[in-house]
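Notes to accompany the following structure.
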Amino acid sequence: MASKRIGLIADTHMPGTIGSLWPSAINFLRGSDAILHAGDHTLDVVDELIQLAPTYVSEGNGDRGIIDDRVKPAWTLSFERFSIGMVHHCPSPERKDEIHVREKLSRYFDALPDIIVFGHTHLETVHHYQDLTLVNPGSPTLPRNQSLQLGTLGEIIIDNDQARIRLVQLTENHWQPHGVFSECVISKSEKGSV
């Protein structure tokens, strides 16, 4: 069985920030089997991403009023043996306890997926609970809610019973591993192991 590569992006705020994605962002996402955009976008960026791979988009607080079949408040998707959910807003796992995070996410999901991709904060992170992993790819255009600059993206590569999560820092011509969240592996047989 071939591995699946899911590109992760959030908080592009386009065209308010720039007219189209940085070339290094497009190059990183190229070759994805699917792209998950965790909200705060416009349909222009969705149209750009759909040229690369099937694209799923969660509705962000900046997306109110956008009516499009590709945009929903929450998604639950299956890739191989993993379920991946996506919402725009998730309580910050660095600031809220696990019970609070799970309660808030339960409003979107009947059963919590293995992995939840979220956005909103522009702060890239990977956070593990025993049976749940939260991933925020940050923002490729407004990282850490700062001014327009090269930011971050992510990917999940699923191969049989393992999901490899990687965040990257975009550079002018390419990308490099993120300084803190460069890579982690989740095993379906041993949930929570990294």
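The values are calculated or read from the model by the stated rules, or taken from the named source; none is laboratory data. No experiment lies behind these values; they were computed from the predicted model shown. Glycine also receives a Cβ, built like all others from the backbone with ideal geometry; neighbour counts cover every protein chain displayed.
Table: residues versus (1) surrounded by fewer than 24 Cβ atoms within 10 Å (Cβ to Cβ); (2) among the polar types (S, T, N, Q); (3) under 12 Å from the mean Cα position of the chain (by Cα).
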site: Pro91; (1), (2), (3): yes, no, no
site: His120; (1), (2), (3): yes, no, yes
site: Val126; (1), (2), (3): yes, no, yes
site: Gln130; (1), (2), (3): yes, yes, no
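Scanning region 47-71 for residues that are small (Gly, Ala, Ser) and part of a loop (DSSP other than H, G, I, E, B) gives Ala53, Gly60, Gly62, Gly65.
Once region 125-170 is narrowed to residues that are within 15 Å of Gly7 (Cβ to Cβ), assigned to a loop (DSSP other than H, G, I, E, B) and out of contact with any Pro (no Cβ under 6 Å at 6 or more places or on another chain), the residue that is modelled with the highest pLDDT is Pro137. Residues of region 36-46 that are modelled with pLDDT under 90 and either part of a loop (DSSP other than H, G, I, E, B) or surrounded by fewer than 20 Cβ atoms within 10 Å (Cβ to Cβ) (or both): Gly39, Asp40, His41, Thr42, Leu43, Asp44. Going by the structure shown, is Asp110 more than 25 Å from Val180 (Cβ to Cβ), part of a loop (DSSP other than H, G, I, E, B) and either in contact with an Asp or Glu (Cβ under 6 Å, 6 or more places away or on another chain) or modelled with pLDDT under 90 (or both)? The answer is no for Asp110. Of the numbered criteria (1) within 23 Å of Ile158 (Cα to Cα); (2) surrounded by fewer than 15 Cβ atoms within 10 Å (Cβ to Cβ), the one Glu103 fails is (1). With the structure loaded, tell me whether Val87 is surrounded by 18 or more Cβ atoms within 10 Å (Cβ to Cβ), farther than 20 Å from His41 by Cα, touching a residue at least 12 places away in the same chain (Cβ under 8 Å) and touching a strand residue (DSSP E or B) at 6+ places or on another chain (Cβ under 7 Å) or whether it fails that test. Against the criterion (surrounded by 18 or more Cβ atoms within 10 Å (Cβ to Cβ), farther than 20 Å from His41 by Cα, touching a residue at least 12 places away in the same chain (Cβ under 8 Å) and touching a strand residue (DSSP E or B) at 6+ places or on another chain (Cβ under 7 Å)), Val87 does not qualify.
Identify the residue in region 1-35 that is crowded, with 22+ Cβ neighbours inside 10 Å and small (Gly, Ala, Ser) and, among all such residues, is farthest from Leu134 (Cα to Cα). Applying the filter and picking the extreme gives Ala25. Taken over region 2-35, the criterion of being more than 16 Å from Pro54 (Cα to Cα) and either assigned to a strand (DSSP E or B) or among the β-branched types (Val, Ile, Thr) (or both) is satisfied by Thr12, Thr17, Ile18.
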